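The values are calculated or read from the model by the stated rules, or taken from the named source; none is laboratory data. Since this is a predicted model, take the numbers as computed values, not measurements. For neighbour counting, all protein chains shown are included, and Cβ atoms are generated from backbone atoms with ideal geometry for every residue, glycine included.
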Amino acid sequence: MIPVLANRRRFSDLSEQEIVALAISSEEDDARIYRQYAERLRADYPDSAKIFEGMAEEEDAHREALISLHKRRFGDVIPLVRREHISGYYTRTPVWLIENLGLDRIREEAHAMEQSAEAFYRKAAQRTQDADTRALLGRLAAAEAGHEKRAEELEAEHLDDHARSEEEKTAHRQFVLTWVQPGLAGLMDGSVSTLAPIFATAFATQNTWTTFLVGLAASVGAGISMGFTEAASDDGELSGRGSPIKRGIASGVMTALGGLGHALPYLIPHFWTATLIAMAVVFIELWSIAWIQKKYMNTPFLRAAFQVVFGGALVFAAGVLIGGG
């Protein structure tokens, strides 16, 4: 038998006392998780933090009801039965293992927690013979199912239009810092920096396959370099820019795509056809960068377009002149 499974019990083998003990420890764990969520959100989303504090208090009330039931039926000594002791039992991902939790991810985790808890109580109620125990477990299942409504009530209580607007602004800012900003930097670097080597090779050799290989190597190499540089430059703890892994992926992938955009046309064997298509792709890339700057970075479109197109034109001209010479 696998060692991990050898130290676990099947849910069907638990006694009624052990089922109640498991429910008590589960409610305690869930309350702690909600309070950790609240602590994570307190600085940037204080009103949402209050919602999770309220949900933690609900779990505390459930635990107290279960403890009272255990005292009446089984006495004061509660067996230590935890989730990890039960084979196939639903688990919770420790909050401290998840870096840079976003508000939406926390809400998704909380919703999954409530669904799992509801399923557990319904299954537990079917295993009990005592009427009071069955009734309490049934009420707790209904309470877990109703937590979504309770969360809506807490949102109505703590999240007015102004608070919701402020939290949406904070979430948007975090999205920009974690994904858009490094992705835009990568796209600019990949689109502009690879222009010179790709078009220099194209005009120097007039060989489309060689040009494609140079473009592929330049794009992939730049993507790897930018990705590692972004991830290593800032862990996100002090700057608040989010997970270095996410930022590295955004920067690396967009850098590679920026270069591959005008390298792929050189898979076409006809030189001038490939070159004209590559030029059109470059034009689209540069205007896309200007549009992203306007939409997410609040840069005036004409100014962004002038900066990007002018810089790209200089690099393109340098590549053509060097290759043609």
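Which of (1) under 22 Å from residue 196 (Cα atoms); (2) surrounded by 15 or more Cβ atoms within 10 Å (Cβ to Cβ) is the odd one out, the single condition residue 314 does not satisfy?
So residue 314 meets the others, but not (2).
Kindly state which helices (runs of 4 or more DSSP H) lie completely within region 204-313 and contain at least 3 residues that are acidic (Asp, Glu) and farther than 16 Å from residue 189 by Cβ.
So the answer is none; nothing clears 3.
Which residues, taken from region 210-260, are surrounded by fewer than 22 Cβ atoms within 10 Å (Cβ to Cβ), under 23 Å from the mean Cα position of the chain (by Cα) and aliphatic (A, V, I, L, M)?
Scanning region 210-260 gives 224, 231, 232, 238, 245, 249, 253, 257.
Can you tell which of 42, 63, 35 is under 29 Å from the mean Cα position of the chain (by Cα), modelled with pLDDT of 85 or more and of a type in the set (Lys, Arg)? Walk me through how you get there before you give the answer.
On the way: 42 fails: modelled with pLDDT of 85 or more; 63 fails: under 29 Å from the mean Cα position of the chain (by Cα).
The conditions single out 35.
Just to be sure before I move on: is residue 323 more than 17 Å from residue 214 (Cβ to Cβ), in contact (Cβ under 8 Å) with a residue 12 or more places away in the chain, crowded, with 16+ Cβ neighbours inside 10 Å and not aliphatic (A, V, I, L, M) in the structure I sent? Break it down into steps so the answer makes sense when it comes.
Values: more than 17 Å from residue 214 (Cβ to Cβ): no; in contact (Cβ under 8 Å) with a residue 12 or more places away in the chain: yes; crowded, with 16+ Cβ neighbours inside 10 Å: yes; not aliphatic (A, V, I, L, M): yes.
Criteria not met by residue 323.
Could you tell me whether any residue of region 261-280 is touching a residue at least 60 places away in the same chain (Cβ under 8 Å) and touching an Asp or Glu at 6+ places or on another chain (Cβ under 8 Å)?
The answer is yes, given that some residue of region 261-280 is touching a residue at least 60 places away in the same chain (Cβ under 8 Å) and touching an Asp or Glu at 6+ places or on another chain (Cβ under 8 Å).
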